[in-house]
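Okay, structure first, notes after.
The values are calculated or read from the model by the stated rules, or taken from the named source; none is laboratory data. Values in this document were obtained by computation on a predicted structure and should not be read as measured data. Quick reminder, even Gly has a Cβ in these numbers, built from the backbone with ideal geometry, and neighbours come from all protein chains shown.
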Ligand SMILES: Cc1cc2nc3c(=O)[nH]c(=O)nc-3n(C[C@H](O)[C@H](O)[C@H](O)COP(=O)(O)O)c2cc1C
């Protein structure tokens with residue numbers, strides 16, 4: 001054989017006159033120089049969020065290569081191909097070649113995998129396994145052993161061209177791997193594993209694939225692997241059988257799981273093939289497929305050997321590689337016999353139930369809550385004799401009151417009309433979905449404040465005047481509320497002689513106020529609108545800080561995004577968040593609370609994203625592998641499409657502060673509605689901060705606390721938050737079209753108990 005036929009290793013060539021000489025010589029028939037292609041892809045790969053223009057790429061490639069493109073990286077000469085190939089350096093080449101593995105294999109896992117040495121004995125099934133391992137980047141060093149050469153009969157399952165007939169299988173396999181990756185580290189054993197080289201073969205191996213046909217060598221390899229603590233995998237290309245023997249974890253494990261009984265390698269040495277049949281049968285016989293069993297009966301009669309198919313060998317290499325990856329990464333620890341039997345898995349009647357697609361409801365009209373009697377906001381107010389609130393008045397007042405916003409639209413309220421007073425009761429069960437974020441029930445109390453403000457506005461517009469007492473003395477109001485205990489009257493509404501409030505035009509906007517999550521245009525906030533919002537907050541005893549500058553908005557978008565990521569990756573907060581979502585119209589109508597997915601204003605692709613995010617197992621994995629930067633994007637995008645982000649604060653952090661803060665919030669929100677401004681609260685972060693600071697981090701992991709502490713610092717650089725102040729609500733404002741859907745409310749009759 002000449003050198004080209006025996007060669008199996010590419011030769012690395014120094015850039016310079018030697019390379020030029022080789023290039024001109026008859027040894028080189030082809031020159032492949034795609035260095036620009038490789039560098040362009042690499043540099044684009046490192047900028048996933050932004051597509052580089054052709055001109056940018058060209059400049060970036062030149063800068064990266066330091067101007068000398070031809071000298072960049074390495075040149076390899078493949079003697080058996082008579083080819084000269086130009087490649088980027090090893091680390092960049094690996095980065096390029098394994099990019100699409102991420103994050104089925106993370107970059108850290110990939111790096112770890114590249115440090116392992118894997119041996120493969122027997123290169124029929126083994127060839128396919130070795131190539132799959134190399135393709136996937138499982139293992140960085142390979143030892144390949146087979147004494148056999150490629151015969152025509154191998155060509156039903158060994159991937160090799162006809163020009164390779166007669167070539168040793170270890171040489172062929174090494175070539176295939178080197179053609180994938182000339183930086184690979186490969187040793188070949190073209191004489192096969194023998195009594196003299198077995199120790200050299202096994203020395204320092206992390207994993208052994210034993211795919212040989214020789215029973216004695218199978219036993220020998222296992223015995224030696226067991227002594228050295230090397231795990232052994234054997235794929236058998238029938239019924240997707242794979243045997244895994246974890247000699248690294250079980251130093252006393254019997255060979256072949258003990259199914260052959262004690263085996264003596266010396267005894268096997270003297271046995272004829274005929275005498276070995278019972279032992280071989282013990283290993284694989286009881287589990288053979290019917291086709292293989294039937295074929296065995298005809299061997300040496302009408303068949304020359306046992307049959308094997310390319311599909312089975314390909315399957316085996318997939319199972320082997322997958323098992324190897326998880327074993328080496330410590331994700332799979334057991335020994336055993338496993339089947340991936342395609343005939344029993346993919347068969348008539350074996351199909352999995354297919355989940356129905358989510359209905360496309362985009363063409364349906366938006367849902368509407370119960371109609372309420374219209375309010376006459378133009379009516380002049382006049383002093384009235386106080387009298388008890390009637391059931392009809394109570395229904396109207398509660399109808400308008402309950403239009404108030406609440407976290408996750410949980411509507412944490414129910415009402416009792418008792419002796420002409422409306423008692424507004426915290427229905428604890430309804431606010432359960434937000435326990436983590438509803439720190440000390442502050443979000444609930446905020447919502448009640450907004451509800452109280454609506455009741456007041458509605459009463460004014462009805463020509464009735466009410467006084468609302470927050471957190472009243474319950475005993476004086478008659479005690480028992482008829483609930484299951486633990487409930488609290490958050491406020492009591494009583495008719496009084498004269499309104500402490502002048503009639504407000506804001507009453508007109510109660511029914512229009514809505515959470516509008518559309519992404520608008522980042523148009524500057526009109527000065528008049530800004531002034532009105534600030535004044536609304538001030539009049540109600542709160543403070544509004546408005547951030548308009550693009551840099552600051554973007555900084556805040558990044559902070560809120562990171563907060564969203566923490567929330568999604570926290571199992572308890574994720575569970576609560578997802579329990580609020582109503583995925584279909586039927587669910588929204590049946591429950592009449594929570595966040596109707598239609599109100600999230602998601603496009604079809606973002607909806608798919610939310611489905612992925614809703615899966616707790618997926619989020620658990622994202623957390624484990626330190627991924628999930630994409631979870632930060634929606635907040636960034638929403639904020640970059642907003643005019644401003646605003647923070648509403650008030651003095652004090654007790655329940656009274658949040659209650660009166662809720663009234664201020666409602667005035668600000670109604671003022672925004674009056675000016676056709678879209679408003680979306682983005683509050684999770686504030687309530688996590690509250691838990692961190694006022695709740696000593698209870699319920700948050702150490703990691704979450706540390707991340708939140710860092711975010712808190714960045715947040716404080718943007719907003720002035722004094723000690724002893726409550727941060728009531730963070731929200732974005734934009735000029736956007738009206739929302740395409742609204743959240744429903746419970747029916748008043750389901751909320752109100754009228755006592756006789
Ligand atoms: C305390 C509180 C916190 C809220 N947090 C968020 C939030 O983080 N993100 C969001 O999109 N909406 C948030 N909202 C808006 C509610 O989801 C919304 O008010 C509720 O679904 C009712 O819908 P509506 O405002 O359109 O009537 C919050 C509302 C309140 C009162």
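Looking at segment 118-127, can you tell me whether even one residue there is crowded, with 17+ Cβ neighbours inside 10 Å and not assigned by TED's automatic domain parsing to the domain that holds residue 320?
Scanning segment 118-127, I find no residue that is crowded, with 17+ Cβ neighbours inside 10 Å and not assigned by TED's automatic domain parsing to the domain that holds residue 320, so the answer is no.
Going by the conditions given, is residue 622 buried (at least 21 other Cβ atoms within 10 Å of the Cβ), more than 30 Å from residue 506 (Cα to Cα) and at pLDDT 95 or above?
yes
Looking at segment 528-551 only, could you name the residues that are in contact (Cβ under 8 Å) with a residue 40 or more places away in the chain and assigned to a loop (DSSP other than H, G, I, E, B)?
Answer for segment 528-551, where residues must be in contact (Cβ under 8 Å) with a residue 40 or more places away in the chain and assigned to a loop (DSSP other than H, G, I, E, B): 540, 541, 542, 548.
Against the definition (surrounded by 13 or more Cβ atoms within 10 Å (Cβ to Cβ), over 16 Å from residue 212 (Cα atoms) and either touching a helix residue (DSSP H, G or I) at 6+ places or on another chain (Cβ under 9 Å) or outside the structural domain of residue 159 (by TED's automatic domain parsing) (or both)), how does residue 315 come out, yes or no?
Considered against the rule, which asks whether it is surrounded by 13 or more Cβ atoms within 10 Å (Cβ to Cβ), over 16 Å from residue 212 (Cα atoms) and either touching a helix residue (DSSP H, G or I) at 6+ places or on another chain (Cβ under 9 Å) or outside the structural domain of residue 159 (by TED's automatic domain parsing) (or both), residue 315 comes out as yes.
Among the residues of segment 645-660, how many are within 36 Å of the chain's Cα centre (by Cα) and surrounded by 23 or more Cβ atoms within 10 Å (Cβ to Cβ)?
Final tally of qualifying residues: 5.
May I ask you to say which residue of 144, 135 is modelled with pLDDT of 95 or more and either assigned to a loop (DSSP other than H, G, I, E, B) or crowded, with 20+ Cβ neighbours inside 10 Å (or both)?
144
Taking the stated definitions as given, is residue 718 within 16 Å of the ligand (Cβ to nearest atom), in contact (Cβ under 8 Å) with a residue 12 or more places away in the chain and either within 22 Å of residue 663 (Cα to Cα) or surrounded by 12 or more Cβ atoms within 10 Å (Cβ to Cβ) (or both)?
no
Any residue at all in segment 209-222 that's part of a strand (DSSP E or B), under 45 Å from the mean Cα position of the chain (by Cα) and surrounded by 20 or more Cβ atoms within 10 Å (Cβ to Cβ)?
yes
For the condition within 18 Å of residue 559 (Cβ to Cβ) and either in the same structural domain as residue 456 (by TED's automatic domain parsing) or away from the ligand (no atom under 14 Å from the Cβ) (or both), what is the one hit in 705, 680, 651?
Criteria check complete, one pass: 705.
Looking at (1) part of a loop (DSSP other than H, G, I, E, B); (2) under 18 Å from residue 90 (Cα atoms), which is the one condition that is false for residue 49?
Result: residue 49 fails condition (2) only.
When you go through (1) in a loop (DSSP other than H, G, I, E, B); (2) at pLDDT 95 or above; (3) touching a helix residue (DSSP H, G or I) at 6+ places or on another chain (Cβ under 7 Å) one by one for residue 173, which number turns out not to apply?
(1)
Taking the condition away from the ligand (no atom under 16 Å from the Cβ), surrounded by 14 or more Cβ atoms within 10 Å (Cβ to Cβ), under 18 Å from the mean Cα position of the chain (by Cα) and not in a loop (DSSP other than H, G, I, E, B), does residue 577 pass?
no
What residue, among those in segment 147-170 that are in a helix (DSSP H, G or I) and loosely packed, with under 13 Cβ neighbours inside 10 Å, is nearest to the chain's Cα centre (by Cα)?
The extreme case among them is 156.
Based on what the data block shows, is residue 637 away from the ligand (no atom under 16 Å from the Cβ) and touching a residue at least 60 places away in the same chain (Cβ under 8 Å)?
no
Exactly one of these conditions fails for residue 101: (1) under 22 Å from the mean Cα position of the chain (by Cα); (2) surrounded by fewer than 16 Cβ atoms within 10 Å (Cβ to Cβ). Give me its number.
With respect to (1) under 22 Å from the mean Cα position of the chain (by Cα); (2) surrounded by fewer than 16 Cβ atoms within 10 Å (Cβ to Cβ), residue 101 is out only on (2).
Within the group 357, 374, 405, which residue is in a loop (DSSP other than H, G, I, E, B), free of Cβ contacts under 8 Å to residues at least 24 places away in the same chain and within 46 Å of the chain's Cα centre (by Cα)?
It is 357.
Only one of 476, 431 is surrounded by fewer than 24 Cβ atoms within 10 Å (Cβ to Cβ) and within 17 Å of residue 681 (Cβ to Cβ); which?
One residue alone meets the criteria, 431.
Out of the residues in segment 387-402 meeting the condition of being away from the ligand (no atom under 15 Å from the Cβ) and assigned to a loop (DSSP other than H, G, I, E, B), tell me which one is nearest to residue 687 (Cα to Cα).
So the residue we want is 389.
As an exercise: evaluate residue 206 against (1) more than 26 Å from residue 277 (Cα to Cα); (2) more than 40 Å from the chain's Cα centre (by Cα); (3) in contact (Cβ under 8 Å) with a residue 60 or more places away in the chain and give the number of the one condition it does not meet.
Single failed check for residue 206: (2).
Does any residue of segment 182-192 turn out to be under 26 Å from residue 292 (Cα atoms) and in the same structural domain as residue 256 (by TED's automatic domain parsing)?
No: zero hits.
Considering only residues that are within 21 Å of residue 451 (Cβ to Cβ) and touching a helix residue (DSSP H, G or I) at 6+ places or on another chain (Cβ under 8 Å), look in segment 368-392 and name the one that is modelled with the highest pLDDT.
Only one residue tops the list, namely 389.
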